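Some notes on the structure that comes next.
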Amino acid sequence: MNRAMHSFTAHCPPWLSTRAKRLQIGRRFVEGFGMCLSLKISRPGDVLAEGQHEGYEWVVIHNQIGYRCGYVRVPKGHPWHGKPYDEIKAEVHGGLTFAEPDKPCDKPGEDDAYWVGFDCAHLGDAPDPSLPTAA
């Protein structure tokens, strides 16, 4: 659970149902927080690098078995926005293997973007021994 969500749920009255807490949390994120890549939220320790290039946010994450995965955030209105990864014409190593909408998080920014990504764990790819792996 990210810091903002934990802070919010810690201040909810004990009688508030789990569903009601989730609805209030979701409303708060929509009103005051931005959106992120779900993997970055659920596995923050796996983020290897992130940044901006020509106006696009990107993230590199390791997949816990020795390979890197790359993701780029495309804004609403972009031709790739909302499409399944197998319908996007992009030339990347092994083809695209990921596409999903933004998820609520604690960073500022526009909502309604979409993430597309690829991995480097295809036939013939070698794992990087310097990357951590799940036990």
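Scan segment 43-74 residue by residue and report those that are out of contact with any strand residue (DSSP E or B) (no Cβ under 7 Å at 6 or more places or on another chain) and at positive phi.
Those that are out of contact with any strand residue (DSSP E or B) (no Cβ under 7 Å at 6 or more places or on another chain) and at positive phi: Glu54, Gly55.
Can you pull out every residue in segment 62-81 that is touching a residue at least 24 places away in the same chain (Cβ under 8 Å) and closer than 18 Å to Pro101 by Cα? Steps first, answer last, please.
Within segment 62-81, the first condition is being touching a residue at least 24 places away in the same chain (Cβ under 8 Å), and the residues that meet it are 62-76, 78, 80-81.
Selection gives Cys69, Gly70, Tyr71, Val72, Arg73, Val74, Pro75, Lys76, His78, Trp80, His81.
Quick check on Ile41: is it at pLDDT 90 or above and under 13 Å from the mean Cα position of the chain (by Cα)?
Answer is no for this residue.
The values are calculated or read from the model by the stated rules, or taken from the named source; none is laboratory data. None of the values given here were measured: they were computed from a predicted structure. Here Cβ is always computed from backbone atoms with ideal geometry, including for glycine, and neighbour counts include all displayed protein chains.
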